[in-house]
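Asker: Sharing a structure with you now.
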Amino acid sequence: MVVRMNRNKKIIIGILIAGLMVICVIVAYKIIEKSVTDRENLKLKAENINSNPIETVNQEKDEQIYSKVIDNFKLELDIPSEWKYEEMPKNEENNFYKYALKLYKSNENQYAMLYFYNNQFNVCGTGRTSENITLNNGKQATIGYYYGNKNWSDISFHNINKNIAVMNYGLTNDDADVVIEFIKTINITENNL
């Protein structure tokens, strides 16, 4: 009789465990079902969501990347977004350049002009001082000043291409300094075709 009791207890305990397992499975199923139903209802409640793309501004790099191929040379330059640029047509009366790019901030009469000259860029040495700068690509450029003026007159790239230079036409102080900074981003590469 003692053996039967143990057996009956085992059966009852087994039935209880099986019942608990069934209850746990049902509860888990209901929790999952509610979670899925809530997500489905979320779609219906999200009426204020707009699928149009958001315009973003890259705070670290607020610039325009300019690129141009002249003859077999590629010119690349990062121009600040607040600056404007214009490609200038050749001057047929005084055909001294192949290409010119006018760079200005707000006043079109105060600008820098990047020239790709037909011949090597040269300057008069009287009253001139110069300073070498390192471009972002590690190459050298030369900034020219005249008669102790703190504002630069020209920037040349003799170690890269002797026909390319930037001339200052009336830029002063901060604007002149900003041009030096973004001219440091220039890349002049020869396309070997």
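The values are calculated or read from the model by the stated rules, or taken from the named source; none is laboratory data. Everything numeric here is computed off the predicted structure, so don't read it as measured data. Glycine gets a Cβ as well: all are built from the backbone with ideal geometry, and neighbour counts include every protein chain shown. Heads up: the accessible areas ignore ligands, DNA and RNA and are worked out on the full protein's heavy atoms, side chains in. Shrake-Rupley method; radii C 1.70, N 1.55, O 1.52, S 1.80 Å.
Asker: Can you list residues from other chains, or at least 5 along the same chain, whose modelled amide H is less than 5 Å from the amide H of TYR97?
Answerer: Close amide H contacts, sequence-distant or interchain: ASN91, ASN118.
Asker: List, in the order given, every pair from LYS68/LYS162; LYS68/LYS150; LYS84/LYS162; LYS90/LYS139 whose Cα-Cα distance in the structure shown is over 21 Å. Present the calculation step by step, with values, prior to reporting the outcome.
Answerer: Details: LYS68/LYS162 18 Å; LYS68/LYS150 31 Å; LYS84/LYS162 26 Å; LYS90/LYS139 29 Å.
Violating the 21 Å Cα-Cα cut-off are LYS68/LYS150; LYS84/LYS162; LYS90/LYS139.
Asker: Lys/Arg Cβ at +1, Asp/Glu Cβ at -1, dipole of segment 53-178 taken about the Cα centre: which of THR126, TYR146, TYR104 is farthest positive-ward?
Answerer: It is THR126, whose Cα lies furthest towards the positive end.
Asker: Taking 0.36 nm per residue of separation and subtracting the Cα-Cα distance, what length does fully extending GLU131 through GLU33 add?
Answerer: Details: separation 98, 0.36 × 98 = 35.28 nm, distance 7.41 nm.
My answer for the length gained is 27.9 nm.
Asker: Moving on. With all protein chains present, calculate the accessible area of MET167 using a 1.4 Å probe and round the result to the nearest 10 Å².
Answerer: Solvent-accessible area, nearest 10 Å²: 40 Å².
Asker: Separate question: At 1.4 Å probe size, what's the solvent-accessible area of ASP71? Round to the nearest 10 Å².
Answerer: Using a 1.4 Å probe on the heavy atoms, I get roughly 100 Å².
Asker: To the nearest 20 Debye, how big is the dipole of segment 72-174 about its Cα centre, given +1 on the beta carbon of each Lys and Arg and -1 on that of each Asp and Glu?
Answerer: So the magnitude is around 280 debye.
Asker: Of ARG128, ARG7, which has the most accessible area with a 1.4 Å probe, and how do the rest follow in descending order?
Answerer: Largest to smallest exposure gives the sequence ARG7, ARG128.
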